[in-house]
Amino acid sequence: MKMELEDLGLLSLGSRLKRASELLFKQTDELYQSRGIDLSSRSFPLLQLLQANGPTSVTSLAEQLGQTHPAISQISKKLKQSGWLYFEVDELDERKKMLSLTPQGYELVDRLQPLWKSLQQVLNNVLRTTGFSLLDGIGVLERALKKRSLTDRVEEFEKKSQRELVEIIHYMPIYRQDFYRLNRHWLEKYFYVESIDEEVLSNPEKHIIEPGGFVLLARLNGRIIGTAALINNGQGRLELSKMSVDESYQGLGIGEKLAKAAIEQYKVTEFTQLYLESNRKLTPALNLYSKLGFVEEEPPFTQSHYARADIYMVFHEGQSDRVEQ
């Protein structure tokens, strides 16, 4: 079966709108010619704006019509040759040319008004059968794309789709090098690797899991792209630590997904407190922790085992937004 343009769905929207536009221009030109009017239908919006607003610059018309400066110049040149438009110099800026309708131009617009009203009613009748306003729909589309480009929207959609594919899994020995790699890279980027870091990262089974802690990993298409650890520091306290996300996958919300999974893991244990230590220069991370319910408090110790730590935060469920499952 031969594929048609209509079979391509929304991906052919631009082409179909252009095709419909060309058909409308062609048949409107034929309508003008049947009434003895030698005018291109593409001139309609320009004529209407000049009649309503008076002398207007080419630049302003291009902005209002969403067309290029050369396109407006070409249309106005033809209208000038037909005697319906003329150029004048802006009184405030002699370098700027203003477009104005001639008396004949105003007569043309007046003559066309009844025909335009008839044409508008006919198009309304045709579109009424669809059950929705085509112009309203096009307006929504234009405003949306002006506010945010298709490139940005597609990138956001792909990031969201990728995030939904991310699995949060528990640590397995085959991922030891990934745990080490991601956390060491993060430390070297923002601080430096301390001796305690080297010990824990080299053997998470011994230093985190065997003492009763947990290591969570973010996996996408078989690749480990993020880590988080819950370290048992005694007296019923779990420390959220070793939060790291591969730079290539940042911006997908993976850090938040890991942190939420860690909080849910804490909730099903018998530990009585979840806390973390961080650094005040890590503003995005601190904002995330605050959003999830971590509150800054005075630490119960005088010296942290991390030289880089200068803030201590404790999780309070009542302070958090609802943590999604």
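The values are calculated or read from the model by the stated rules, or taken from the named source; none is laboratory data. Nothing here was measured: the structure is a model prediction, and the numbers come from that model. All Cβ positions, even for glycine, are placed from backbone atoms using ideal geometry, and neighbour counts span all protein chains on display. Please note that ligands, DNA and RNA were not included when accessible areas were found on the heavy atoms of the full protein model with its side chains. Shrake-Rupley method; radii C 1.70, N 1.55, O 1.52, S 1.80 Å.
Across region 210-229, which residue is farthest from LEU258 (Cα to Cα) among those that are in a strand (DSSP E or B) and of a type in the set (Gly, Ala, Ser)?
Once the filter is applied, the top-ranked residue is ALA229.
State whether one or more residues within region 68-76 are within 18 Å of GLY105 (Cα to Cα), exposed (fewer than 13 other Cβ atoms within 10 Å of the Cβ) and of a type in the set (A, V, I, L, M).
No.
Confirm whether LEU119 is in contact with a Ser or Thr (Cβ under 8 Å, 6 or more places away or on another chain), over 30 Å from ILE225 (Cα atoms) and either part of a helix (DSSP H, G or I) or open to solvent by 90 Å² or more (accessible area, probe 1.4 Å) (or both).
yes
Restricting attention to region 246-256, report how many residues are open to solvent by 30 Å² or more (accessible area, probe 1.4 Å) and not charged (D, E, K, R).
Residues meeting the conditions: 4.
Results for (1) in contact with a Leu (Cβ under 7 Å, 6 or more places away or on another chain); (2) under 20 Å from SER304 (Cα atoms); (3) charged (D, E, K, R); (4) modelled with pLDDT under 95, shown as yes or no for each residue.
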position: HIS207; (1), (2), (3), (4): no, yes, no, yes
position: LEU220; (1), (2), (3), (4): yes, no, no, yes
position: ARG237; (1), (2), (3), (4): no, yes, yes, yes
position: LYS242; (1), (2), (3), (4): no, yes, yes, yes
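So PHE179 passes all but one of these: (1) in a helix (DSSP H, G or I); (2) touching a helix residue (DSSP H, G or I) at 6+ places or on another chain (Cβ under 8 Å); (3) surrounded by fewer than 16 Cβ atoms within 10 Å (Cβ to Cβ). Which condition number does it fail?
All conditions are met except number (3).
Being exposed (fewer than 15 other Cβ atoms within 10 Å of the Cβ) and of a type in the set (Phe, Trp, Tyr) is the filter here; which residues of region 261-305 pass it?
PHE301
In this structure, does ASP197 turn out to be acidic (Asp, Glu), more than 36 Å from the chain's Cα centre (by Cα), at pLDDT below 85 and part of a helix (DSSP H, G or I)?
yes
Within region 24-67, count every residue that is in contact (Cβ under 8 Å) with a residue 60 or more places away in the chain, in a helix (DSSP H, G or I) and open to solvent by 60 Å² or more (accessible area, probe 1.4 Å).
1
Identify, please: which residue in region 94-114 is touching a residue at least 24 places away in the same chain (Cβ under 8 Å) and more than 18 Å from ASP29 (Cα to Cα) and is, among those, most open to solvent (accessible area, probe 1.4 Å)?
The extreme case among them is LYS97.
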